[in-house]
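Reviewing the structure listed below.
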Amino acid sequence: MKRILSAVLACALMLALTACGGNSDNAASGATGVEDGVLTVAMECVYAPYNWTQTDDSNGAVPISNNPGAYANGYDVMIAKKICEANGWELEIVQSDWDSLVPGIQSGLFDAVIAGQSMTAERSKQVDFAGPYFYATMVCLTKADSPYASAKSIADLAGGKCTAQISTIWYDKCLPQIDGAIVQSASETATAMLMNLETDMVDFVCTDMPTAKGAVNTYPHMVILDFSGTDGDFKFSEQERAENVNIGISVMKGNTVLKDAINSVLSTMTEDDFNDLMVKAISVQPKQA
């Protein structure tokens with residue numbers, strides 16, 4: 001079923017790419033994409049605690065429009081609901097593979113992506129970002145009985161097999177900084193990344209703090225290796241650091257009206273507000289999300 005849904009979404013994306021060539025012009029002319037009163041938001045729905053899939057509407061979950069009978073919840077859904085409530089919009093959640101998120105925005109298939117995306121310079125060439133809507137710390141995750149559980153710096157991870165999610169800062173910029181690490185193929189999703197660790201395919205993974213905390217909630221025998229604030233942390237320039245820790249909401253290039261509408265809501269929230277909402281998301285996360 002999942003492959004069928006992915007194929008349907010891919011077909012829809014191809015049609016949008018060929019039929020919606022004027023969307024960037026619409027954005028430039030002041031159109032938001034939400035003239036129908038519905039904000040269509042894409043996310044993976046498998047990236048807890050940012051987003052996940054569940055079987056009912058408990059804890060404020062929202063139906064997934066392209067996955068009948070399934071509901072999305074998590075930090076991203078909670079943020080999307082706040083944006084919609086403030087602007088008087090209805091919320092539509094669409095499930096999409098990670099690599100289809102940016103193309104979906106570019107084609108106009110989605111109005112916005114709220115999916116734990118870092119506001120990287122590369123992505124910013126393709127989409128515009130509202131936010132940040134979360135500030136994340138990069139960490140590693142291993143098992144409590146692993147010889148790497150006592151690591152005090154990334155240098156102590158040398159020799160270990162590792163992975164991270166595909167097309168992320170963790171895989172592209174963090175893992176290469178660990179001298180002597182045996183980097184495996186990237187995982188397609190955060191869930192697959194964690195399963196690689198759970199099944200001992202790797203010794204540790206690299207991710208952000210919310211994902212790590214969500215993982216420990218599901219797998220209590222995993223431990224977080226947080227080197228932030230020490231000499232043994234990952235090294236980045238100030239610009240790279242900002243890109244790595246800032247999580248944003250992507251919209252079509254030039255769609256300043258929608259970007260500003262989203263920012264008008266996010267600007268009323270503090271970093272503490274974001275952190276408190278993330279704690280709430282983790283508290284209601286299903287154990288197998």
Residue (of Pro210, Ala144, Gly254) at the positive-pole extreme of the chain, dipole from beta-carbon charges: Ala144
Surface accessible to a 1.4 Å probe, per residue, for the residues of the chain, Å²: 44
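Using unit Cβ charges (K, R positive; D, E negative) and no other charged atoms, how large, in debye to the nearest 20, is the dipole of the range 95-160 about its Cα centre? Don't skip to the answer; put the middle values down first.
Numbers: 4 positive and 7 negative charges, 41 e Å.
Around 200 debye, computed over the range 95-160.
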Candidates Glu240, Glu35, Glu271: whichever shows maximal mean-square fluctuation once the chain is modelled as a Gaussian network with Cα springs under 10 Å: Glu35
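May I ask for the longest run of the chain untouched by trypsin sites (Lys or Arg not before Pro) that are loop-located per DSSP and have at most 16 neighbouring C-beta atoms (other than their own) within 10 Å? Before the final figure, lay out each step's value.
Values: sites that count: Lys125, Lys152, Lys235, Lys287.
So the longest stretch without any such site is 1-124.
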Label-to-label distance, nm, for residues given as Ala149 and Asp260 (7 Å Cα→Cβ offset): 5.4
Value in Å of the Kirkwood radius, where the chain supplies the Cα pairs that are averaged: 19.4
Estimated inter-spin distance, Thr199 and Thr268, nm [label 7 Å along Cα→Cβ]: 4.6
Calculated SAXS-style log₁₀ I(q)/I(0) at q = 0.09, 0.11, 0.22 Å⁻¹ - the range 115-266, Debye, Cα scatterers: -0.30, -0.44, -1.39
Label-reachable residues, the range 44-62, where backbone N falls under 12 Å from a point 7 Å from Thr189's Cα toward its Cβ: 44-48, 51-54
Residue with peak Gaussian network fluctuation, the chain [Cα springs, cutoff 10 Å], from Asp272, Asp111, Asp200: Asp272
Nearest 10 degrees, 0 to 90: helix 209-218 Cα axis against the chain principal axis: 80
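Beyond a 27 Å Cα-Cα separation, which of these cross-linked pairs lie in this structure: Lys125/Lys287; Lys161/Lys213; Lys235/Lys287; Lys81/Lys259; Lys213/Lys259? Please report the intermediate quantities before stating the final value.
Working: Lys125/Lys287 37 Å; Lys161/Lys213 21 Å; Lys235/Lys287 33 Å; Lys81/Lys259 16 Å; Lys213/Lys259 29 Å.
Flagged as over cut-off: Lys125/Lys287; Lys235/Lys287; Lys213/Lys259.
What's the magnitude of the charge dipole for the chain around its Cα centre, counting Lys and Arg as +1 and Asp and Glu as -1 at the beta-carbon? Answer in Debye, nearest 20.
On the way: 17 positive and 35 negative charges, 72 e Å.
Rounded to the nearest 20 debye, it is 340 debye.
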Charged-residue dipole, Cβ positions (Lys, Arg, Asp, Glu), the range 98-228 about Cα centre, Debye nearest 20: 140
Cα centroid separation, the range 152-172 to the range 36-100 (Å): 30
Per-selection metrics, the range 62-199 (Cα): Rg and Dmax in Å: 17.7, 53
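Please give the length that would be gained between Gln239 and Ile224 if that part of the chain were fully extended, namely 0.36 nm times their separation in residues minus their C-alpha to C-alpha distance (nm, one decimal).
Numbers: separation 15, 0.36 × 15 = 5.40 nm, distance 2.53 nm.
Difference between extended and current length: 2.9 nm.
Considering only protein heavy atoms and a 1.4 Å probe, what is the carbon-and-sulfur percentage of the accessible area of the chain?
Details: 6620 of 12610 Å².
For the chain, the apolar C and S fraction of the accessible surface comes to 53 percent.
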The range 260-283-the range 225-257 distance, computed between alpha-carbon centres (Å): 17
Length-normalised contact order for the chain - Cα pairs under 8 Å, 6+ apart - percent: 26
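Would the range 154-230 count as rounded, prolate or oblate if I go by the C-alpha gyration tensor, calling it rounded below 1.5 in a/c and otherwise prolate when a/b exceeds b/c, oblate otherwise?
Because its axes are fairly even, with a/c under 1.5, the range 154-230 counts as rounded.
Write down the percent of antiparallel bridges among all DSSP beta bridges whose residues are both part of the chain, to the nearest 5.
Working: 24 of 38 bridges.
In the chain, DSSP labels about 65 percent of beta bridges as antiparallel.
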Residues Gln126 and Ile182, FRET efficiency given R0 of 30 Å [Cβ-Cβ distance, rounded to 0.05]: 0.40
Relative contact order (percent, whole number), the range 167-289, Cα cutoff 8 Å, 6+ residue spacing: 25
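The values are calculated or read from the model by the stated rules, or taken from the named source; none is laboratory data. Bear in mind the structure is a predicted one, so any value in this text is a computation, not a measurement. Note that we place each Cβ from the backbone using ideal geometry, even for glycine, and neighbour counts take in every protein chain shown. These area figures cover heavy atoms from the full protein model, side chains too; ligands, DNA and RNA do not enter into them. Shrake-Rupley method; radii C 1.70, N 1.55, O 1.52, S 1.80 Å.
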